[in-house]
């Protein structure tokens, strides 16, 4: 069974970090992980946090329970 997630926040950096973490945790994501790592794909998130556009820290909440 495939799970679906909705990620919402006023912090765009947190949204992107949570999204990439959820993708990396998904079964069969090895190819995506390799591409992101090979192309330094997290550099944008790191830099966005450094210049104050948001935070890479986040909390996931289940709103269905």
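Taking the range 4-19 as the region of interest, how many residues are assigned to a loop (DSSP other than H, G, I, E, B) and either surrounded by 14 or more Cβ atoms within 10 Å (Cβ to Cβ) or in contact (Cβ under 8 Å) with a residue 12 or more places away in the chain (or both)? Spell out the reasoning first.
Restricting attention to the range 4-19, the residues satisfying the condition of being assigned to a loop (DSSP other than H, G, I, E, B) are 4-11.
Applying the additional criterion that residues be either surrounded by 14 or more Cβ atoms within 10 Å (Cβ to Cβ) or in contact (Cβ under 8 Å) with a residue 12 or more places away in the chain (or both) yields 5, 7, 9, 11.
Residues meeting the conditions: 4.
Inside the range 24-46, can you point out the residues that are within 23 Å of residue 8 (Cβ to Cβ) and surrounded by 11 or more Cβ atoms within 10 Å (Cβ to Cβ)? Passing the criteria: 24, 26, 29, 32, 36, 41, 42, 44, 45, 46.
Keeping to the range 30-65, report how many residues are in contact (Cβ under 8 Å) with a residue 40 or more places away in the chain and on the phi > 0 side of the Ramachandran plot. Steps first, please.
From the range 30-65, those in contact (Cβ under 8 Å) with a residue 40 or more places away in the chain are 53-58, 60; that's our starting set.
If we keep only those that are on the phi > 0 side of the Ramachandran plot as well, we get 54.
Selection size over the range 30-65: 1.
Would you be able to say whether some residue in the range 44-51 is part of a loop (DSSP other than H, G, I, E, B) and at pLDDT below 95? No: the range 44-51 contains no residue that is part of a loop (DSSP other than H, G, I, E, B) and at pLDDT below 95.
Residues in the range 32-41 that are in contact with a helix residue (DSSP H, G or I) (Cβ under 9 Å, 6 or more places away or on another chain) and assigned to a helix (DSSP H, G or I) were compared, and the one that is nearest to residue 51 (Cα to Cα) is 36.
How many residues are assigned to a helix (DSSP H, G or I) and more than 23 Å from residue 55 (Cα to Cα) when one looks only at the range 20-31?
Within the range 20-31, the first condition is being assigned to a helix (DSSP H, G or I), and the residues that meet it are 20-25, 30-31.
Now narrow it down to the ones that are more than 23 Å from residue 55 (Cα to Cα): 30-31.
Adding up the residues that qualify gives 2.
The values are calculated or read from the model by the stated rules, or taken from the named source; none is laboratory data. Quick caveat, the model's predicted, so the values are computed rather than measured. Every residue, glycine as well, gets a Cβ built from its backbone with ideal geometry; the counts of neighbours run over all protein chains shown.
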